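Asks: Here it is, the structure, as C-alpha cells.
The values are calculated or read from the model by the stated rules, or taken from the named source; none is laboratory data. What you are looking at is a predicted structure, and each value in this text was computed from that prediction instead of being measured. Reconstructed Cβ throughout: ideal geometry from the backbone, glycine too, with neighbour counts over all protein chains shown. We work out accessible area using only protein heavy atoms, side chains counted, and drop any ligands, DNA or RNA first. Shrake-Rupley method; radii C 1.70, N 1.55, O 1.52, S 1.80 Å.
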Amino acid sequence: MQTRPPSRLLHLPLALCTVLGSTMLSADSGQPESLRVMLQGNSATALRQLVEDAGGSVTHELAIIEAVGALVSPAQLENIRSSPLVLRMIDDLSMDMSEPLPPPDKAACTIGGALEATLLADGIHWPLHHQGPAPAELTRLEISWPAALGDLTRLRLDSRDLPRGQAAASADNRQSLVLDYAPGQTPALTGITQLHIGFSRSLANPEGALVWAQKDFSVKLEFGADCSSELIPGYADYASDTYYPTVAGASELHRHGITGRGVTIAVLDSGLWEHPALALDTRGEPRIVGRYDAIEDIAGEPLADASGHGTHMASVAAHSEEVLTHGKPDGTWKGIAPDVGLVAVKAFDEDGQGDFLDIVRGIQWIVKQREALDIQVLNLSFAARPRWPYYLDPINQALMKAWAAGITVVAAAGNEGPDPMSIGSPGNLPYLITVGAYTDSWTIENRDDDYIPDFSSRGPTPSGHIKPDIVAPGGHIAGLVQPGSTLTRKHPNYMISTGELVMTGTSQASALVTGIVALLLQLEPDLTPDDVKCKLMSSAEPAINRDGRLAYSPFQQGSGAVNAVRAVTLGQRGCGNKDLDLGRDIAGEQYFEGPAIIDEEGNASLPGLSLMLAREPSADGLSSDRKWGVKDHVERKDAAEPDPDLPFKWLEIYLSERDLIEALSTQPGSGTFE
C-alpha cells in the first residue's frame, strides 16, 4: 500500500474552491445576493465567530469536520477569506443523486412497457406507457410463444385490431411472428395503451389455474429506429416474494431466526414513507427509533419522502412483509433484515438534489446519536463524481469519523459504468464497503446467467484503490415507495401490481448489503466495521472462467458476489483495511494510495492482472464459461486444465472451505446452511 505525505494543511490554501467570476445580483434590485459557502479550518467554533463578526450568518455548524456553512455577502466573504482561520472554502455545494436509471432507458425513447403483463386465460394484456409529448406509431412487432397455445387469434392495441401475418414454427416447440407496419397501419400511442394478445388455446388448465408465465413469452415493439420496448421475463409472483433475499442468501438465515433483530441501521437519503412494512417489524412492533431532517435541522418529526428513493432503500434492507409460498408463509421476508431498527435521515429533496452541508450535518447527527440510538450501520445509496482526493472530500472526512466511531458504512459504487475510474463519492473512500451490482437475469435458481451489467461503476479510484469491494444483486429490485412520489411519476411502467416500484442500480445493491451487515451483527455484535468488511470480502464469490482465470477484473467485481450465508459461516476477521491507518488519515498525518497502476493515458491495471484476467470480456446473460464461486468452479464437469502459472489455488480454497463447513456442522447446536 503506497502512502502520501500529509497535504491537508500544506496544499489547501493553494486549492481553495473560490467563488466563481462574477457576483450574483438580485433580479429585482440589482443588489448583491448572499452567497452560500462552506468554510473549513481548525475550529468550527472559531469559524462561527469569524462569520458572525463579519456580519454573516452561520447555517450549519459542522464540528465533525471543523467547518461551518455560512450565508454571506460578497464583501463579507472577502473579509472572511483573508483570515488565517480559514484553511478552505467551497462555494459549489450541490450534490445530485438523481441518476438516470441505467440502460435500457434511452433519453430519446419515451415509451416503456410495464414490467408486469397481466396473464389471463384469454391471453396477455400488456400496458405500454408513453410519456412523450408527441404521439408515437408502432413500426415493428416481434412475438414468440409456446406452440402448445396454438395460433395467434388476437392482436390489438386498445380496441383497434392490428394486421396479423402468418406465424412460423421453430424447432424448440415455439411459434414466432414478425410484423412490419407502414405509417397509419397502427393507432398512435398516447398515455397508457394496452396491447392484447390472444391464442387459440387457453393459458389456463381446466381448473382455471394458469399454466404459463410471463417468461414463456417474448414480445418486442419498435417505434422507429431508436425506440423499442421488450416484455421482460419477470419473476413468477411479485405479490408473494421479492426474490432478492433468496438470491443473496438472506432467506436461508431468516429460517434460522436471523432477521437483524437488535441491530439499528441509519438510511441517509430522501426521507421515509412510514408504511406498516417499514414502521413495524415482523412482530408488528414499532421499529423506527430516530428521525432527522438534515435540510431543516429538525429531529423527531416524520420525514415525508417526496422522491421515493429513501423509502425504496429502506424497503430493500428492512421490508417486514412475509414471503408466501403456495399461498402460505414460508418463514422468510421480503426485506433482507426485516427486524432491524430504522433511523431515517433526510438530506435530499424530491428531485434527488442535496448539498454537502446537509449531508455532512446528517452524518454528524448520526455519529452524535450513535450510542443513544444504538446505530451500528449507515446506508449511503448515492454517488457523485469525485471532485477531490478522498481525504479532501468533506463527506468522506465525516464518514471517516463515523467509521472510527464504530459505524459500518455501506456506499453505492455508482451507475456510471462501464468506464474505468467511474466509482462515485463517497464510495471512493477506501475504508467504506463499496458495492457494485450484478443481475440474476430473472432466474433465481440458475447462476450461469448472472452478470455484471455495464452501468455498475468500475474502479480503480483516482487514488488507486480497488473498488468496488463486492457486488450484490442490483437488477430489478422491488421495493416500497410512496404513491405519487417523483420516482413513481417518472417511471410508471416500473410499478407492479403490489404497488411497489422495481428499480435497478448500485443504490439497491448497497441497501441489500446494508441488510446483510445487520444480519452479521445480530449474530456477532462485537464485530468492528473493519471486521464486517473483512467478513463480506473474504466470503464473497468471484466469477471464474473455465480456465481458472477471473471472468471480471477486481475493478469490476471486487472480491466477488456477496452471500449472506457464506459471510456468516466462512467470513474471516482481521483483514478489513489492514493496509490503512484510519487514525493517521483523520489526523492528516498520512494518506494512502491503492495498488492500482495508472499509466499516462489513464489505463488502470494491477501487478499480474494480465495473467489473472480472462482474455475476452465476460458475456452478458447466460454463459457456459463463467461460474460464480470457487465451489461451482471446482465442481464443474467441463473444467480446463489449470494454468500452473496462475496465482489462484482454487482447489486448495475449495477444500479449506469444505473442511470449515463440515467442522461447523458438527458443533453442538449448530444449524446447517445449504
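Asks: Condition test on G602, is it small (G, A, S) and either under 26 Å from L429 (Cα atoms) or part of a strand (DSSP E or B) (or both)?
Replies: Yes, satisfied.
Asks: Could you list all residues from the stretch 159-182 that are assigned to a loop (DSSP other than H, G, I, E, B), of a type in the set (G, A, S) and surrounded by 10 or more Cβ atoms within 10 Å (Cβ to Cβ)?
Replies: Selection gives G165, A167, S170.
Asks: Taking the stretch 466-497, which residues are assigned to a loop (DSSP other than H, G, I, E, B) and open to solvent by less than 20 Å² (accessible area, probe 1.4 Å)?
Replies: Taking the stretch 466-497 first, the residues assigned to a loop (DSSP other than H, G, I, E, B) are 466-469, 474-476, 480-485, 491, 496-497.
Scanning the stretch 466-497 gives K467, P468, D469, G474, G475, H476, L480, V481, S485, I496.
Asks: Please work out which residue is farthest from the chain's Cα centre (by Cα), limiting yourself to the stretch 299-336 and to residues that are part of a loop (DSSP other than H, G, I, E, B) and of a type in the set (S, T, Y).
Replies: Filtering first and then ranking leaves S320.
Asks: Considering V58, V68, V51, which residue is crowded, with 22+ Cβ neighbours inside 10 Å, touching a residue at least 12 places away in the same chain (Cβ under 8 Å), of a type in the set (V, I, T) and within 16 Å of D355 (Cβ to Cβ)?
Replies: V68
Asks: Do we have any residue at all in the stretch 644-655 that's open to solvent by less than 60 Å² (accessible area, probe 1.4 Å), modelled with pLDDT of 90 or more and among the β-branched types (V, I, T)? If you could, list the steps in order and put the result at the bottom.
Replies: Within the stretch 644-655, the subset open to solvent by less than 60 Å² (accessible area, probe 1.4 Å) is 646, 648, 650, 654.
Still in the list and also modelled with pLDDT of 90 or more: 646, 648, 650, 654.
Now restrict to residues that are among the β-branched types (V, I, T): none.
Among the residues of the stretch 644-655, not one is open to solvent by less than 60 Å² (accessible area, probe 1.4 Å), modelled with pLDDT of 90 or more and among the β-branched types (V, I, T), which makes the answer no.
Asks: Still on this model: Please give the number of the condition S228 fails out of (1) open to solvent by 60 Å² or more (accessible area, probe 1.4 Å); (2) in contact (Cβ under 8 Å) with a residue 60 or more places away in the chain; (3) not β-branched (V, I, T).
Replies: (1)
Asks: Another question about this same structure. Exactly one condition in (1) at positive phi; (2) at pLDDT below 95; (3) of a type in the set (S, T, Y) is false for S497; which is it?
Replies: It is condition (1) that S497 fails.
Asks: Among the listed residues A604, A640, A561, A543, identify the single one that is at pLDDT below 95, open to solvent by less than 50 Å² (accessible area, probe 1.4 Å) and either closer than 30 Å to H254 by Cα or touching a helix residue (DSSP H, G or I) at 6+ places or on another chain (Cβ under 7 Å) (or both).
Replies: Just one listed residue meets the conditions, A604.
Asks: Of D625, D579, which residue is surrounded by 16 or more Cβ atoms within 10 Å (Cβ to Cβ) and within 27 Å of the chain's Cα centre (by Cα)?
Replies: Matching residue, one of D625, D579: D625.
Asks: Now, a different point. Could you pull out the residue among A239, A277 that is surrounded by fewer than 23 Cβ atoms within 10 Å (Cβ to Cβ), hydrophobic (A, V, I, L, M, F, W, C) and assigned to a loop (DSSP other than H, G, I, E, B)?
Replies: A239
Asks: Shifting gears a bit: So which residues in the stretch 242-262 are assigned to a loop (DSSP other than H, G, I, E, B) and either within 22 Å of Q376 (Cβ to Cβ) or open to solvent by 30 Å² or more (accessible area, probe 1.4 Å) (or both), if there are any at all?
Replies: The initial filter retains those residues of the stretch 242-262 that are assigned to a loop (DSSP other than H, G, I, E, B), namely 242-243, 248-249, 255-262.
Across the stretch 242-262, the qualifying residues are A248, G249, R255, H256, G257, I258, T259, G260, R261, G262.
Asks: Return yes when E616 is farther than 21 Å from P453 by Cα and exposed (fewer than 10 other Cβ atoms within 10 Å of the Cβ) and no when it is not. Let's see the steps before the verdict.
Replies: Details: farther than 21 Å from P453 by Cα: no; exposed (fewer than 10 other Cβ atoms within 10 Å of the Cβ): yes.
Against the criterion (farther than 21 Å from P453 by Cα and exposed (fewer than 10 other Cβ atoms within 10 Å of the Cβ)), E616 does not qualify.
Asks: Same structure, new question: Would you point out which residue out of A596, A567 is touching a strand residue (DSSP E or B) at 6+ places or on another chain (Cβ under 9 Å), open to solvent by less than 60 Å² (accessible area, probe 1.4 Å) and either β-branched (V, I, T) or touching a residue at least 12 places away in the same chain (Cβ under 8 Å) (or both)? Walk me through it before giving the result.
Replies: Details: A567 fails: touching a strand residue (DSSP E or B) at 6+ places or on another chain (Cβ under 9 Å).
None of the other options fit; the residue is A596.
Asks: Of T264, T282, which residue is in contact (Cβ under 8 Å) with a residue 60 or more places away in the chain, of a type in the set (S, T, Y) and within 29 Å of R566 (Cα to Cα)? Can you show your working first?
Replies: Details: T282 fails: in contact (Cβ under 8 Å) with a residue 60 or more places away in the chain.
None of the others qualify; the one that does is T264.
Asks: Next question. Is there any pair with a first residue in the stretch 571-591 that is without any contact (Cβ under 8 Å) to a residue 40 or more places away in the chain and a second that is assigned to a loop (DSSP other than H, G, I, E, B) whose Cβ atoms are under 6 Å apart and which are 6 or more apart or on different chains, and what are they?
Replies: Here the result reads R584/Q590, each pair linking the stretch 571-591 to a residue that is assigned to a loop (DSSP other than H, G, I, E, B).
Asks: Now, a different point. Does G112 satisfy being part of a loop (DSSP other than H, G, I, E, B) and modelled with pLDDT under 95? If you could, list the steps in order and put the result at the bottom.
Replies: Numbers: part of a loop (DSSP other than H, G, I, E, B): no; modelled with pLDDT under 95: yes.
No.
Asks: Give, as residue ranges, the strands (runs of 3 or more DSSP E) completely inside the stretch 337-449 that count at least 1 residues that are open to solvent by 20 Å² or more (accessible area, probe 1.4 Å) and within 26 Å of G308 (Cα to Cα).
Replies: 341-346, 353-355, 375-380
Asks: From the list D632, D659, D643, which one is assigned to a loop (DSSP other than H, G, I, E, B), among the acidic types (D, E) and either in contact with a Leu (Cβ under 8 Å, 6 or more places away or on another chain) or farther than 30 Å from L399 by Cα (or both)?
Replies: Being assigned to a loop (DSSP other than H, G, I, E, B), among the acidic types (D, E) and either in contact with a Leu (Cβ under 8 Å, 6 or more places away or on another chain) or farther than 30 Å from L399 by Cα (or both) holds for just one of D632, D659, D643, which is D643.
Asks: Check whether at least one residue in the stretch 91-99 is charged (D, E, K, R), modelled with pLDDT of 90 or more and surrounded by 15 or more Cβ atoms within 10 Å (Cβ to Cβ), and report yes or no.
Replies: no
Asks: Being more than 24 Å from L357 (Cα to Cα), of a type in the set (K, R) and out of contact with any Ser or Thr (no Cβ under 7 Å at 6 or more places or on another chain) narrows it down to one of R283, R291, so name that one.
Replies: Of the residues listed, the single one that is more than 24 Å from L357 (Cα to Cα), of a type in the set (K, R) and out of contact with any Ser or Thr (no Cβ under 7 Å at 6 or more places or on another chain) is R283.
Asks: What's the number of the condition G208 fails, among (1) open to solvent by 50 Å² or more (accessible area, probe 1.4 Å); (2) in a loop (DSSP other than H, G, I, E, B); (3) in contact (Cβ under 8 Å) with a residue 60 or more places away in the chain; (4) under 30 Å from Y181 (Cβ atoms)?
Replies: Among (1) open to solvent by 50 Å² or more (accessible area, probe 1.4 Å); (2) in a loop (DSSP other than H, G, I, E, B); (3) in contact (Cβ under 8 Å) with a residue 60 or more places away in the chain; (4) under 30 Å from Y181 (Cβ atoms), the lone unmet condition for G208 is (4).
Asks: Let me ask you something else. Could you count how many residues in the stretch 183-197 are exposed (fewer than 13 other Cβ atoms within 10 Å of the Cβ) and either in contact with a helix residue (DSSP H, G or I) (Cβ under 9 Å, 6 or more places away or on another chain) or small (G, A, S) (or both)?
Replies: Of the residues in the stretch 183-197, 2 are exposed (fewer than 13 other Cβ atoms within 10 Å of the Cβ) and either in contact with a helix residue (DSSP H, G or I) (Cβ under 9 Å, 6 or more places away or on another chain) or small (G, A, S) (or both).
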